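A.B. asks: Pasting a structure below so you can have a look.
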Amino acid sequence: MLFVLYQSAEGIGQRLLHSFPLQAALMIACVLAAWPLSRWLGWRGYGAYALDRRSSSLAWLAFGLVVALIANALAILVGERLGIYAPTGPALSAAGFHTLLAALPVLALSTFVPSLAEDILSRGFWYRAAGIAWHRGFVFVAFSAGYFVLNHLYRLERGPNEWLMIFCMGVAYATALCRAGTLWAAVGLHWGWNLANGVLDPLLPADTVDVAGSRWLIAGVHLLVALMVVAVPPPSRVVDEGQRLRPLRG
């Protein structure tokens, strides 16, 4: 159900009917449907997907946002030095800031919902709700990253370079989930990267002149982010707020 709702947002809402309201409605429906599905699976709230309300988890969300924003900005600056991107206007201009401030509320929401929906589908569900005992973290990371690639149905036609880039992005996000024990860590990085694409467009305006080089650069940046996440000390104790509901007694 989650897969169909998520894919329908782009497949039907965007590509078939060219309707942004319908696309947004289907994406929101994917996130909302995850709650009753979590209850049906016997979990409390969104606990089936490792989403919780711990302050440490929100700290991971903030950490991911900051890291992704910085990583995206550095990728653009490095890409310009390497000739992968070409500046199209002045950096950090007053006009760019005004444009960003006007668009930021809608930009934040329009990137958060799809990021959360895909993180639930590609990572949170498999990490907890699927009931798979992942004895090694790297096995889950590899599986989740591979599923993340396949979930981008409409980008598979772009070829192996695109697949590799998406896989490396999935490695970073799945590593964050494994390291922190909460999906909010992955959401922070994923949402942060998508948000940065819109935030930095008016601040560091540039065009891509080397598509293949851009994919390799983004893949490398995400692998570095994954290493950074691994270097962060894991929580000393994980309090599971998403535990299964107790079975009813007859």
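The values are calculated or read from the model by the stated rules, or taken from the named source; none is laboratory data. What you see is a predicted model, and the numbers here were worked out from it, not measured in a lab. Quick reminder, even Gly has a Cβ in these numbers, built from the backbone with ideal geometry, and neighbours come from all protein chains shown. SASA here: full protein model, heavy atoms, side chains in, ligands and nucleic acids out. Shrake-Rupley method; radii C 1.70, N 1.55, O 1.52, S 1.80 Å.
A.B. asks: Can you name the residue in the range 48-68 that is aliphatic (A, V, I, L, M) and over 24 Å from ILE132 (Cβ atoms) and is also least open to solvent (accessible area, probe 1.4 Å) among such residues?
C.D. replies: Residue satisfying both the conditions and the ranking: ALA68.
A.B. asks: Identify, please: which residue in the range 224-240 is over 30 Å from LEU74 (Cβ atoms) and open to solvent by 70 Å² or more (accessible area, probe 1.4 Å) and is, among those, modelled with the lowest pLDDT? Working first, answer last.
C.D. replies: Filtering the range 224-240 down to residues over 30 Å from LEU74 (Cβ atoms) leaves 236-240.
Narrowing the set further to residues that are open to solvent by 70 Å² or more (accessible area, probe 1.4 Å) leaves 236-238.
Numbers: SER236: 61, ARG237: 52, VAL238: 49.
Filtering first and then ranking leaves VAL238.
Residue by residue, here is whether (1) closer than 22 Å to LEU204 by Cβ; (2) among the polar types (S, T, N, Q); (3) touching a residue at least 12 places away in the same chain (Cβ under 8 Å) holds:
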{"site": "HIS98", "(1), (2), (3)": "yes, no, no"}
{"site": "VAL113", "(1), (2), (3)": "no, no, yes"}
{"site": "PHE125", "(1), (2), (3)": "no, no, yes"}
{"site": "ALA172", "(1), (2), (3)": "yes, no, yes"}
{"site": "THR175", "(1), (2), (3)": "no, yes, yes"}
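Yes/no per residue for (1) open to solvent by less than 60 Å² (accessible area, probe 1.4 Å); (2) closer than 18 Å to TYR127 by Cα:
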site: LEU2; (1), (2): yes, yes
site: TYR6; (1), (2): yes, no
site: GLY11; (1), (2): yes, no
site: GLN14; (1), (2): no, no
site: LEU17; (1), (2): no, no
site: ALA25; (1), (2): yes, no
site: VAL31; (1), (2): yes, yes
site: LEU37; (1), (2): yes, yes
site: TYR46; (1), (2): no, yes
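A.B. asks: It is to be established whether one or more residues within the range 125-142 are at pLDDT below 95, among the aliphatic types (A, V, I, L, M) and crowded, with 18+ Cβ neighbours inside 10 Å.
C.D. replies: Looking through the range 125-142, at least one residue is at pLDDT below 95, among the aliphatic types (A, V, I, L, M) and crowded, with 18+ Cβ neighbours inside 10 Å.
A.B. asks: Continuing with this model, one more query. Can you find even one residue in the range 193-214 that is aliphatic (A, V, I, L, M), over 24 Å from LEU104 (Cα atoms) and either modelled with pLDDT under 95 or within 15 Å of the chain's Cα centre (by Cα) (or both)?
C.D. replies: The answer is no, given that none of the residues of the range 193-214 is aliphatic (A, V, I, L, M), over 24 Å from LEU104 (Cα atoms) and either modelled with pLDDT under 95 or within 15 Å of the chain's Cα centre (by Cα) (or both).
A.B. asks: Being under 22 Å from LEU189 (Cα atoms), without any contact (Cβ under 8 Å) to a residue 60 or more places away in the chain and not basic (Lys, Arg) narrows it down to one residue among LEU109, LEU51, LEU58; which is it?
C.D. replies: Testing whether each residue is under 22 Å from LEU189 (Cα atoms), without any contact (Cβ under 8 Å) to a residue 60 or more places away in the chain and not basic (Lys, Arg) leaves just LEU109.
A.B. asks: Here is a further query. Can you tell which of LEU92, LEU82 is touching a residue at least 60 places away in the same chain (Cβ under 8 Å), on the phi > 0 side of the Ramachandran plot and open to solvent by 60 Å² or more (accessible area, probe 1.4 Å)?
C.D. replies: Just a single option satisfies the conditions, and that option is LEU92.
A.B. asks: Right, another one. List the number of the failed condition for TRP134; all other conditions in (1) free of Cβ contacts under 8 Å to residues at least 60 places away in the same chain; (2) out of contact with any helix residue (DSSP H, G or I) (no Cβ under 6 Å at 6 or more places or on another chain) hold.
C.D. replies: Status for TRP134: all satisfied but (2).
A.B. asks: Any residue in the range 82-97 that is modelled with pLDDT of 95 or more, assigned to a helix (DSSP H, G or I) and touching a helix residue (DSSP H, G or I) at 6+ places or on another chain (Cβ under 9 Å)?
C.D. replies: yes
A.B. asks: Okay, moving on. Looking at the range 148-205, which of its residues are in contact with a Phe, Trp or Tyr (Cβ under 8 Å, 6 or more places away or on another chain) and aromatic (Phe, Trp, Tyr)?
C.D. replies: If the condition is that a residue be in contact with a Phe, Trp or Tyr (Cβ under 8 Å, 6 or more places away or on another chain) and aromatic (Phe, Trp, Tyr), then PHE148, PHE167, TYR173, TRP184, TRP191 are the ones that fit.
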